[in-house]
Structures are given as C-alpha cells and as structure tokens.
Amino acid sequence: MNSGVDTGSKPRTADTSAAFYDVAIVGFGPSGAVAAGLLGGQGLTVHVCDRQHTVYDKPRAIAIDHEILRVFQQLGIVDKIAAHVEPFTPSEYFGVDGQLIKRLTMIEPPYPLGYTPSNVFSQPPVEQALREHVRGLPNVTVALGASVTAVTQDEASVCLSVSHDDGRTETVRARYVVACDGASSFVREQVGIRLEDLQFDEPWLVVDVLANERGLAKLPVTSVQYCEAERPCTMVIGPGNHRRWEISLKEGEDPVEVTRPEATWKLLSRWITPDDGELWRQASYRFHALVADRWRVGRVFVAGDAAHQQPPFLGQGMCQGMRDVANLSWKLGAVLRGDVHGGAADRLLDSYGDERKAHVRELTSRIKAIGAVICERDIGKARARDAHLLAESGGVVRDTPART
C-alpha cells in the first residue's frame, strides 16, 4: 500500500480533534523506547505513551547480547551505556551430587558483531539513556501517565483513545500502531490476538542482591547453574556488585511468602546472609513459553512481551523484544516513505510476523531444552544426565566453546 505519508518533523493534523502521526507506540519500556528511537531516527512522526511516569528503578532484564549492542550503536547511545554493561562471566553447571558437569565460556575475539557476544547490564540506567535519547528527537512526542483505553482502526489509520493521569483525554491517530505494552497487553486483547502456549509453566523466585565486600568474597567467581533435583537454581554475576539468583519453587510453596525478606534470606542462606549485602529486588514469577498467533492485525503490530514470553535460561527476553522492533522499524519506514507500494508493502509488513515468530519459536525450543537440563527433578534421571554430559567430554569438563 502506498501510504503517501509526509514524514516531516511535526505531527500533521488530520482533523481538529486528533494529532496525526506516522506511528503510535503503546508502551515506553525497553522495546517501545528502541522502536521510538529507530522510527524517530528515520524522520517519521511518532507518538509514544506509557502508564508509568518513570523508569522502574529495579532490574528485570540482566542479559544483553552483541546484536542489541549494535542496535544501541545505531541509535548512537552505545558509548553512553558502556559503564553499565560488562561481559558475561563463564558459567559452570554443577550436577545433582555437586560435581562440575559443564562449563560455558566466551568465544575468543575478534567477535562476529564487534561487541562481546554475551553481556550483563544494569537495566534502570540503560533504559533511562534510551528514554533521554528519544526525548531529544523533535519529531517524537512522549506522553507519560497515559493509558490507552480503546483501539479502533480503518483502512487508513488507527485511532487510540488515551486517558491521562490528570484527567485529560485525547485521541491519537496514526498510520500504524506498535503495541509494546507488556505481557498483559491491552492492545493485543483489543485486536483479538491470542497467545499460543509452547508448554512451559513453572514458578520461580528471582532475587537481586547488592553484595558488599564480605558477601563478594563468599560467592563464586563464575555464574553457576545448580542442576539439583531438590531445587534447581541459578546464580548470575551482574555488573559491579550486583548478583542475581533464580530459584525454583517447590510444589506448595507460597509465591508471595517467599518474597518476604526473612523467607528470601532463608533461601539465600547457603550462599550469603543479611550481613553480606542488601536485597535490591525479590519477585515471584511463573515462567511461561508463549507466542502470539498473529503479529499483525491490519495496521496494529505486537512486539516484545506483548508478542512472546520465554523462560529466562538464555537471558533473551528483552533482547527478543528489541529484535522485534528492529525488524519492524525499517519495514514501517520503507512503507511510510513510499519506497514500496501496494501488495509489496503489505507483504513486507507481513514478513515481520513471519520472520520474528519463526525465530522466537526456534529460540524458545532451545531455551526449553536448556531448562530441561537444569530443571530435572528426578534424581535418577539427573544422575544419568550428569553421566551423559561427562561422557560427552571424555570425563574431563572442558570449556565450551573450546578456546582457540
């Protein structure tokens, strides 16, 4: 379809009641902010809104890969966030009887995409840098404390009803809408997109700790996967003194109770005590494997957690959302500029869902396979797994991939 859209720096007014944009983005989290930056950087007029006024001050995502750092490079902020990113440490796997069964390490440089392939990062300051970049784009309008209450569309545009915290209401119209409004996406529900269940559902506790010198001295110097049948868990070394635990919950354990400080410290007691650091965040989750059955309905697209949710075993949740919007943004730009027309434009936009859904499903299957290795609850099967992994390496745990 040839949109014939003028991509000047100021929103056009289609009528007296609503500003008219090229793209409206619902959700100003990491995926929404990247989408706004990429689309705004092409000169498109963009409206982005979010219910929250500020960046969430605690970490949720902790892993970021080289592909996403290239996206940050494209946005021009990679140097601004460098202080909040560190290479991922080697990761050691310990079996059901406490023996080392596997060790993952980084490939040697030169790296395929220029940056260290796997990294940890501190989400709040990185997300703040993304927002500041977007706010500096004159053709992007940012509305915070703003909730979308209705979504309608016709052949030419999408209409969003937006309610502000101060009581104001407004109508935002756009050629296209990108829903980056999270796992419980309102927009996804409004346009009738359903989530397909890829068969993973487990309760876990995620704990972030800022360790002091005494605590750091007690803790492993690599990230660790404890592949224990009794209670599988993971410890990740984050930037600086940030340490994260992902701890599986047993049947019957109360997911609310375990987030109380006393209960959380009890679960951490094999590693550290309250004298060794301070709790930064503790949250219970049910880890799911879900993917949208459709990624586009007319002029509305879903991305990020609105389109998929995965277990955390490769730390790819946020990265996947940013891959979504990186894929979609250049395609929307090409269509809105009129570089492609008619049926070719529709096929290009349809390819977003085709490509991203296939990638998400494949990666999710790999994540589930890793989870199956870590989370085997049957002691006999866990011992067989350990023996198999050791046999594969000739009885001697070697770095994987092997150093050159």
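Hey, which of the strands (runs of 3 or more DSSP E) in segment 167-278, taking only ones fully inside, have at least 1 residues that are charged (D, E, K, R) and under 26 Å from I367 (Cβ atoms)? Filter on segment 167-278 gives 195-211, 242-248.
Taking segment 309-333 as the range and being open to solvent by 10 Å² or more (accessible area, probe 1.4 Å) and either free of Cβ contacts under 8 Å to residues at least 24 places away in the same chain or within 22 Å of V187 (Cβ to Cβ) (or both) as the test, the residues that pass are Q309, Q310, G317, M318, R323, A326, N327, W330.
All of (1) at positive phi; (2) open to solvent by less than 20 Å² (accessible area, probe 1.4 Å); (3) not polar (S, T, N, Q) hold for A306 with one exception: (1).
Return the pairs, sorted by first residue and then second, in which the second residue is at pLDDT below 95 and surrounded by 16 or more Cβ atoms within 10 Å (Cβ to Cβ), the first residue lies in segment 345-365 and is under 15 Å from F301 (Cβ atoms), the beta carbons are less than 9 Å apart, and the residues are 6+ apart or on different chains. Hits for this filter: A345/M1; A345/S3; D346/M1; L349/M1; V360/Q310. Within segment 197-228, being acidic (D, E), at pLDDT 95 or above and touching a Lys or Arg at 6+ places or on another chain (Cβ under 9 Å) holds for one residue alone: D208.
Can you report the number of residues in segment 74-88 which are of a type outside the set (G, A, S), surrounded by 12 or more Cβ atoms within 10 Å (Cβ to Cβ) and within 30 Å of Q42 (Cβ to Cβ)? So the count comes out to 8.
Could you grab me the full set of residues in segment 89-103 that are out of contact with any Phe, Trp or Tyr (no Cβ under 8 Å at 6 or more places or on another chain) and either surrounded by 18 or more Cβ atoms within 10 Å (Cβ to Cβ) or not in a loop (DSSP other than H, G, I, E, B) (or both)? Answer for segment 89-103, where residues must be out of contact with any Phe, Trp or Tyr (no Cβ under 8 Å at 6 or more places or on another chain) and either surrounded by 18 or more Cβ atoms within 10 Å (Cβ to Cβ) or not in a loop (DSSP other than H, G, I, E, B) (or both): T89, S91, E92, Y93, G95, V96.
Could we say that Y226 is aromatic (F, W, Y), more than 18 Å from the chain's Cα centre (by Cα) and over 30 Å from R347 (Cβ atoms) here? Before the answer, list the steps.
Numbers: aromatic (F, W, Y): yes; more than 18 Å from the chain's Cα centre (by Cα): yes; over 30 Å from R347 (Cβ atoms): yes.
Spelling it out, Y226 is indeed aromatic (F, W, Y), more than 18 Å from the chain's Cα centre (by Cα) and over 30 Å from R347 (Cβ atoms).
The set of residues from segment 223-240 being exposed (fewer than 15 other Cβ atoms within 10 Å of the Cβ) and farther than 20 Å from A263 by Cα comprises just one member, G240. The single condition from (1) buried (at least 20 other Cβ atoms within 10 Å of the Cβ); (2) touching an Asp or Glu at 6+ places or on another chain (Cβ under 8 Å); (3) of a type in the set (A, V, I, L, M); (4) over 19 Å from D208 (Cβ atoms) that V120 fails is (4).
Per the listing V360, V340, V373, the residue uniquely of a type in the set (A, V, I, L, M, F, W, C) and not in a helix (DSSP H, G or I) is V340. Contact annotation: residue pairs with Cβ atoms under 7 Å, 6 or more positions apart or on different chains, pairing a residue in segment 172-186 that is β-branched (V, I, T) with a partner that is surrounded by fewer than 24 Cβ atoms within 10 Å (Cβ to Cβ) and modelled with pLDDT under 95, are V172/A18; V172/A19.
Hey, can you tell me all the residues within segment 152-166 that are part of a strand (DSSP E or B) and open to solvent by 20 Å² or more (accessible area, probe 1.4 Å)?
From segment 152-166, those part of a strand (DSSP E or B) are 152-153, 158-164; that's our starting set.
T152, Q153, C159, S161, S163 - these are the residues of segment 152-166 that are part of a strand (DSSP E or B) and open to solvent by 20 Å² or more (accessible area, probe 1.4 Å).
Here is a check on your reading of the model: is F28 surrounded by 21 or more Cβ atoms within 10 Å (Cβ to Cβ) and touching an Asp or Glu at 6+ places or on another chain (Cβ under 6 Å)? Step through it out loud before you land on a result.
Numbers: surrounded by 21 or more Cβ atoms within 10 Å (Cβ to Cβ): yes; touching an Asp or Glu at 6+ places or on another chain (Cβ under 6 Å): yes.
So F28 passes the test.
Count of segment 32-87 residues, restricted to those that are outside any loop (DSSP other than H, G, I, E, B), of a type in the set (D, E, K, R) and in contact with an Asp or Glu (Cβ under 9 Å, 6 or more places away or on another chain), is 2.
The values are calculated or read from the model by the stated rules, or taken from the named source; none is laboratory data. Note that this is a predicted model, so its numbers are computed, not measured. All Cβ positions, even for glycine, are placed from backbone atoms using ideal geometry, and neighbour counts span all protein chains on display. What goes into the accessible areas is simple: the full protein's heavy atoms, side chains included, and nothing from ligands, DNA or RNA. Shrake-Rupley method; radii C 1.70, N 1.55, O 1.52, S 1.80 Å.
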